[in-house]
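Report on the structure given below.
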Amino acid sequence: MRASPAISVAVLLVMAAPLRAAEIPQEQRRSGFSFMASETQAMQHDDTTNPGMLWVLDGEKLWNGKAGAASKACADCHNDARVSMKGVAARYPAFDKRLGRPVDLEQRINLCRAEHQQATPLAYESHDLLALTAFVAQQSRGVEISAGSDRELEPFVAKGHELFMQRQGQLNLACANCHDDNFDKHLAGSAITQAHPTGYPEYRLEWQSLGSLQRRLRSCIFGIRAQPYDYGAPEMVELELYLMSRARGMPMETPAVRP
Amino acid sequence: MASALINVPAKAKRGQIIEIRTLMSHIMETGFRHTAGGELVPRDIITSFVCRYNGDEIFRADLFPAIAANPFISFFTVATESGKFDFEWIGDNGFSESASAPITVE
Amino acid sequence: MMQEDKTTRRRFLSLAGCAAVAGTIPIVTLRPAEATPAMLASAIRNVVGSAEVRTGKVKLDIPPLVENGNTVPMTVSLASPMTGEDHVKSIHIFNEKNPQPNIGNFYLGPRAGRVQVSTRIRLADSQKVVAIAHLSDGSFWSATVEIVVTLAACTEEAS
């Protein structure tokens with residue numbers, strides 16, 4: 001089976017279609033979970049079989065471990081994450097007053113490390129950053145997503161929406177072409193979902209590893225033959241913010257399992 | 001840092017058949033992939049998994065590159081006496097991890 | 001325009017020079033050396049020797065259409081009294097088209113209580129998977145399933 005013919009057919013269909021401005025109606029919104037086979041859903045559903053839990057366990061160790069020149073653990077300020085972090089990931093990316101812009105969970109963790117632990121920032125997609133992010137985000141499992149509701153975030157959500165709608169790259173495709181207009185169809189054997197990031201960081205079978213939303217976005221943008229934004233770029237965070245606000249009301253699933 | 005996720009019932013009745021589930025963090029590099037430069041990425045897998053119940057081997061597995069990353073293995077055993085389960089994973093490049101879980105059998 | 005390719009081999013397209021795992025070694029999967037039916041037969045022979053392999057008893061549960069060939073849930077089971085005189089000694093799993101014919105071997109014994117082992121396997125392409133159980137009376141029993149594996153839509157990007 002080859003990717004190229006399937007993608008070219010999809011491109012022909014989609015290039016011809018006018019770019020609709022409408023988002024998916026509320027009552028039709030579904031998590032990526034619902035697009036999966038029952039075996040993959042079972043893998044996510046059970047903490048004893050969910051590979052993402054390996055990172056959550058490591059994250060718990062890191063949470064309790066001293067770090068940086070200040071030799072402080074996250075737990076020293078935040079105590080029991082089960083209490084202090086509950087609901088946090090569901091409202092991220094959040095507005096940072098000092099920077100005057102939104103930051104995502106990974107950036108917040110690194111800002112905390114620099115400021116309060118005097119520790120070096122953890123690299124994007126490093127095991128430790130993924131583990132800590134997964135541990136924090138898992139405390140919000142089941143909590144409804146509320147990201148993007150602050151007034152201050154409005155211009156950034158709008159920017160993220162613009163990025164979602166803009167055609168880009170060699171295939172001149174916008175995210176919306178697939179994820180608003182063609183969800184539930186298939187692209188080369190994979191279901192096209194509605195792009196609701198309900199379970200990040202997630203264990204992706206294709207990666208055979210846990211990974212962040214930014215990794216997934218870079219992968220997607222590369223897939224449409226466009227230049228992906230760097231990790232941590234403002235466009236990345238704006239896209240993350242828009243996507244999370246698009247999923248408002250849906251429960252967090254971290255750590256999700258996806259194909 | 002390797003971590004294992006073990007699931008063993010804390011309590012069981014004598015003679016009860018119990019399920020044991022294990023998840024071990026490991027890349028399971030097949031040895032069949034190549035870098036962009038054409039070099040072979042060397043194999044790095046877990047090759048063997050053993051479970052002992054109070055010292056007696058009750059389950060063993062040989063793993064090959066076709067076992068997926070972060071190997072999940074589940075199996076059954078009869079709860080005979082209180083004590084503990086010891087788990088051991090051995091693999092390429094001197095990989096050796098162990099874990100244990102207690103059980104109370106009444 | 002690309003040539004029509006008759007095989008169904010899973011293949012990652014090499015784009016702009018490389019497709020890389022984020023942050024680590026750039027990896028491309030070229031066409032891997034394939035297992036052949038002869039390799040499969042030989043791997044089975046290593047386990048059973050010249051003994052007859054009968055079809056039946058052992059049950060192999062794998063979704064017929066897999067979500068992703070990297071991680072395929074598999075359960076192998078067999079109804080057996082699992083006593084000292086009548087039990088399953090081992091189960092061996094093989095495949096037809098991965099670069100190597102073996103997947104895993106599981107060693108049981110009467111203390112298992114129930115013969116049911118689950119794991120996750122990798123399947124490089126649509127192919128047969130074979131399970132062979134070795135019983136305490138020396139007999140071998142097999143089950144074969146045909147699995148369809150589709151190519152994922154997007155390859156990993158160069159980081």
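The values are calculated or read from the model by the stated rules, or taken from the named source; none is laboratory data. Only a predicted model underlies this, so the values are computations on that prediction, with no experimental measurement involved. No Cβ is skipped: glycine too gets one built from the backbone with ideal geometry, and neighbour counts run over all protein chains shown.
The table for this structure:
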{"read-out": "Test result for C:Val88, at pLDDT 90 or above, more than 10 Å from chain B (Cβ to nearest Cβ) and surrounded by fewer than 19 Cβ atoms within 10 Å (Cβ to Cβ)", "value": "no"}
{"read-out": "Matching entry among A:Gly148, A:Gly160 (being surrounded by 22 or more Cβ atoms within 10 Å (Cβ to Cβ), small (Gly, Ala, Ser), over 21 Å from A:Cys220 (Cα atoms) and under 16 Å from the mean Cα position of the chain (by Cα))", "value": "A:Gly148"}
{"read-out": "Residues that are crowded, with 21+ Cβ neighbours inside 10 Å and assigned to a loop (DSSP other than H, G, I, E, B), drawn from the range A:136-145", "value": "A:Gln139, A:Ser140, A:Ile145"}
{"read-out": "Members of the range A:62-79 that are without any contact (Cβ under 8 Å) to a residue 40 or more places away in the chain and either among the basic types (Lys, Arg) or in a helix (DSSP H, G or I) (or both)", "value": "A:Asn64, A:Lys66, A:Ala75, A:Asp76, A:Cys77, A:His78"}
{"read-out": "Residue within the range B:10-18 that is part of a strand (DSSP E or B), of a type outside the set (Asp, Glu), modelled with pLDDT under 95 and on the phi < 0 side of the Ramachandran plot present", "value": "no"}
{"read-out": "Residue that is surrounded by the most Cβ atoms within 10 Å (Cβ to Cβ), among those in the range A:95-119 that are in contact (Cβ under 8 Å) with a residue 24 or more places away in the chain and in a loop (DSSP other than H, G, I, E, B)", "value": "A:Asp104"}
{"read-out": "Residue match in the range C:59-72 (condition: modelled with pLDDT of 95 or more, farther than 25 Å from A:Asn50 by Cα and away from chain A (no Cβ under 14 Å))", "value": "no"}
{"read-out": "Conditions (1) within 14 Å of chain A (Cβ to nearest Cβ); (2) farther than 21 Å from A:Leu54 by Cα; (3) polar (S, T, N, Q); number of the one not met by B:Ser82", "value": "(1)"}
{"read-out": "Output for the range A:28-61, where each listed residue is assigned to a loop (DSSP other than H, G, I, E, B) and closer than 20 Å to B:His26 by Cα", "value": "A:Asp46, A:Asp47, A:Thr48, A:Thr49, A:Asn50, A:Pro51"}
{"read-out": "Selection count, the range A:192-229, where residues are within 12 Å of chain C (Cβ to nearest Cβ) and closer than 26 Å to A:Ser146 by Cα", "value": "16"}
{"read-out": "Within the range A:120-131, tally of residues that are buried (at least 16 other Cβ atoms within 10 Å of the Cβ) and either in the same structural domain as A:Arg218 (by TED's automatic domain parsing) or in contact with a Phe, Trp or Tyr (Cβ under 9 Å, 6 or more places away or on another chain) (or both)", "value": "5"}
{"read-out": "Answer residue from the range A:169-200, given it is of a type in the set (Ser, Thr, Tyr) and under 21 Å from A:Tyr242 (Cα atoms) and is surrounded by the most Cβ atoms within 10 Å (Cβ to Cβ) among those", "value": "A:Tyr200"}
{"read-out": "Selection count where residues are assigned to a loop (DSSP other than H, G, I, E, B), closer than 26 Å to B:Tyr53 by Cβ and hydroxyl-bearing (Ser, Thr, Tyr), scope the range C:59-90", "value": "2"}
{"read-out": "Residues satisfying the stated conditions in the range C:91-104, i.e. outside any loop (DSSP other than H, G, I, E, B) and either more than 10 Å from every other protein chain (Cβ to nearest Cβ) or without any contact (Cβ under 8 Å) to a residue 40 or more places away in the chain (or both)", "value": "C:Ile93, C:Ile103, C:Gly104"}
{"read-out": "Any hit, the range A:204-220, residues being over 30 Å from B:Ala66 (Cα atoms) and in contact (Cβ under 8 Å) with a residue 40 or more places away in the chain", "value": "no"}
{"read-out": "Condition check for A:Gly87: at pLDDT 95 or above, buried (at least 22 other Cβ atoms within 10 Å of the Cβ) and not hydrophobic (A, V, I, L, M, F, W, C)", "value": "no"}
{"read-out": "Some residue of the range A:75-86 being more than 10 Å from every other protein chain (Cβ to nearest Cβ), touching a Phe, Trp or Tyr at 6+ places or on another chain (Cβ under 7 Å) and farther than 25 Å from A:Leu241 by Cβ", "value": "yes"}
{"read-out": "Where a residue in the range B:92-106 is in a loop (DSSP other than H, G, I, E, B) and its partner, wherever it lies, is at pLDDT 95 or above and among the hydroxyl-bearing types (Ser, Thr, Tyr), with Cβ under 9 Å and at least six apart", "value": "B:Asp92/B:Thr47; B:Glu106/B:Ser82"}
{"read-out": "Selected residue (criterion: surrounded by the fewest Cβ atoms within 10 Å (Cβ to Cβ)) from residues of the range B:30-84 that are of a type in the set (Phe, Trp, Tyr) and touching a Pro at 6+ places or on another chain (Cβ under 8 Å)", "value": "B:Phe32"}
